[in-house]
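This report refers to the structure that appears directly beneath it.
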Amino acid sequence: MEPRIETLTEKKLIGRRIKMSLSNIRTGELWRTFMPRRKEILNNVTADLFSLEVYDKSFDFKNCNDKIEFDKWAAVEVSDFNIVPADMETYTLPGGLYAVFIHKGPADTGLKSYQYIFGTWVPKSNFEIDSRAHFALMGAKYKNNAADSEEEIWIPVKRKE
């Protein structure tokens, strides 16, 4: 699973967020509250869905503490923030360099992909994790728990010094 390296331009997102930790995953709860209301967002740029993790700058991916909380977002890209539905928030995803991996298979097998990314690829690569949001981009090939589902995993990186 070799990534492509891509420079992302800044994106405007509208969605919902929830605090969670790796030991208290609440992703299902987040998406169950977002999906029924996503049609209320009127200025979508695409139909793609963003599953975003915003970690504190001090979060250590090498020696990760699974109790440290982060913000998890369910969102869509929008053209502007002029109309934000009630109980939803805005987030500006900064641009920058990303390693983009394709996860194939059911969503519940994603842990295997993340273990490869952080346990094998990052240590052997010429890159290190940058302190920007991580996200999964779920487009037309995403089918949740289907065996032939595909999603892109975007990991913020910078070149090792």
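Can you give the helix-only mean residue ellipticity at 222 nm for the chain, where every DSSP H stretch with n ≥ 4 adds -39500 (n - 2.57) and the sum goes over all residues, rounded to the nearest 500 deg cm²/dmol?
It lands at -2500 deg cm²/dmol.
Could you let me know the centre-to-centre spacing of the range 133-161 and the range 1-63, using Cα atoms, in angstrom?
Computed from Cα coordinates, the inter-centre distance equals 10 Å.
At a threshold of 8 angstrom on Cα-Cα distance, excluding pairs fewer than six apart, so keeping six or more, what relative contact order does the range 23-102 reach in percent? Could the numbers behind the result be given before it?
Details: 62 pairs, mean separation 28.3, N = 80.
Answer for the range 23-102 is 35 percent.
Only Cα pairs under 8 Å and at least 6 apart count here; give the relative contact order of the chain as a rounded whole percent.
This gives 31 percent for the chain.
Over the range 4-159, what per residue volume does the convex hull of the Cα atoms give, in whole Å³?
Cα-based convex hull of the range 4-159, divided per residue, equals 113 Å³.
Looking at this model, which pairs from Lys11/Lys124; Lys11/Lys72; Lys104/Lys141; Lys19/Lys67 are more than 19 angstrom apart at the alpha-carbon?
Listed pairs above 19 Å: Lys11/Lys124.
Rule-based calculations on the coordinates, nothing more; no lab input. Given the structure is predicted, the values throughout are model-derived calculations rather than measurements.
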